[in-house]
Every structure is written in C-alpha cells, then in structure tokens.
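The next block holds one structure in the form of structure tokens; read it before the comments.
The values are calculated or read from the model by the stated rules, or taken from the named source; none is laboratory data. Source: prediction; values computed, not measured. Every residue, glycine among them, receives a Cβ derived from its backbone with ideal geometry; neighbour counts consider all protein chains shown. Ligands, DNA and RNA are stripped out before the accessible areas are found, and what is left, the full protein with its side chains, is counted by its heavy atoms. Shrake-Rupley method; radii C 1.70, N 1.55, O 1.52, S 1.80 Å.
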Amino acid sequence: MSASAPTPAAEAPARVRRMSGVGRVLVVVYGILALAATGRTAVQIIERFDEAPVAFTLSGLSAIVYIVATIALVMPGRAWYRVAWITIGFEAVGVLVVGTITWLASDLLGAGTGNPFGRTSTVWTLFGAGYLLIPLVLPFLGMWWLVKHPAGDDE
C-alpha cells in the first residue's frame, strides 16, 4: 500500500475524534429532535394539514433538516462535513426566522402558531419554546463543534 493512500486505520482516528464526548451528545440530541419533528409532522399533516399548511410544511422541513444533520455529523469525510455546515446553518436561520415570525406575527403561519404547545405549532415556534429552547441553542452548539473539529485532510 502506498504512503499517500489513506488506510481505514488512518480514517478511524478522525471519526472517533469528532464523535467523542460532546459530539456524541450532540448527535443524540439531533437524533431525538429528528424523531420528534418527524412524528409531529406526520400527525399534523395526516390529521389536520388544512389548519396550518405553511406551519406544517415548515415542520416537515425541520424534520428533514434534523435527519440530514444527524447523518452528516456521524459520517466521515469532507463532503459530509460540508453537508453538516449547510444543514446546521439552515437550521439556525430557520429557527431564528420562524421564531421571530411566531413571536411578532403569531398567526402569519397559521391560526394559533404563536403557542409553542398548540395544535399548529412547529419545532421552531417561538424559537423552540415547546422544546425547552433546544432548537435555538443546538445549531450554535453544532457550529461551534464543527469549528473545533474540522474535516481532516485524510477524511
């Protein structure tokens, strides 16, 4: 084997390094939010899509973002590192925009979307107040983690 070809052993330390300690907790929290957003969206769309189609579409989008971000944080390689940045950056913008809209113009996304525990709320309603503001804090922790654990040259 040539010296320039990466070996599985050479790739493993970079992945272990990114997926240790706080990184594992981050992935677990992203996974939990992915499940929560997916479940909530499925119920909202199946049972009452006509009540708040914009809000429920945003719920579906947030579920996709959390699923892809979870996968991207776990997978090794530069491409997945970029995907993690894109999804987590999109998540940060989404929670700030939806949070602001539901705070300042609560019915703009659908009747009652200003209540974080209401029938038409989303994961990002009032900056994730219904989820203990975790959706507000999580993308910034994720970006901090990505800065501290960049994709290596051998990934």
Inset, instruction - Within the stretch 112-154, work out how many residues are open to solvent by 40 Å² or more (accessible area, probe 1.4 Å) and part of a loop (DSSP other than H, G, I, E, B). - result: 8
Inset, instruction - Identify the single condition in (1) hydrophobic (A, V, I, L, M, F, W, C); (2) assigned to a loop (DSSP other than H, G, I, E, B); (3) free of Cβ contacts under 8 Å to residues at least 60 places away in the same chain that V97 does not satisfy, given that it satisfies every other one. - result: (2)
Legend entry - Residue identified as assigned to a helix (DSSP H, G or I), at negative phi and surrounded by fewer than 14 Cβ atoms within 10 Å (Cβ to Cβ) among I88, I71, I67, I46: I46
Inset, instruction - Using the structure shown, decide if E11 is modelled with pLDDT under 95 and either open to solvent by 70 Å² or more (accessible area, probe 1.4 Å) or closer than 17 Å to G128 by Cβ (or both). - result: yes
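Can you say whether E51 is out of contact with any strand residue (DSSP E or B) (no Cβ under 7 Å at 6 or more places or on another chain) and touching a residue at least 24 places away in the same chain (Cβ under 8 Å), as far as the supplied structure shows?
Spelling it out, E51 is indeed out of contact with any strand residue (DSSP E or B) (no Cβ under 7 Å at 6 or more places or on another chain) and touching a residue at least 24 places away in the same chain (Cβ under 8 Å).
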Inset, instruction - Show the residue pairs that are 6+ apart or on different chains and have beta-carbon atoms under 8 Å apart, the first residue being within the stretch 121-139 and farther than 17 Å from G39 by Cβ, the second being of a type in the set (F, W, Y) and open to solvent by 30 Å² or more (accessible area, probe 1.4 Å). - result: L126/W103; F127/W103; L133/F127; L136/F127
Legend entry - Given (1) touching a residue at least 40 places away in the same chain (Cβ under 8 Å); (2) farther than 16 Å from A37 by Cβ; (3) charged (D, E, K, R), index of the condition D107 fails: (1)
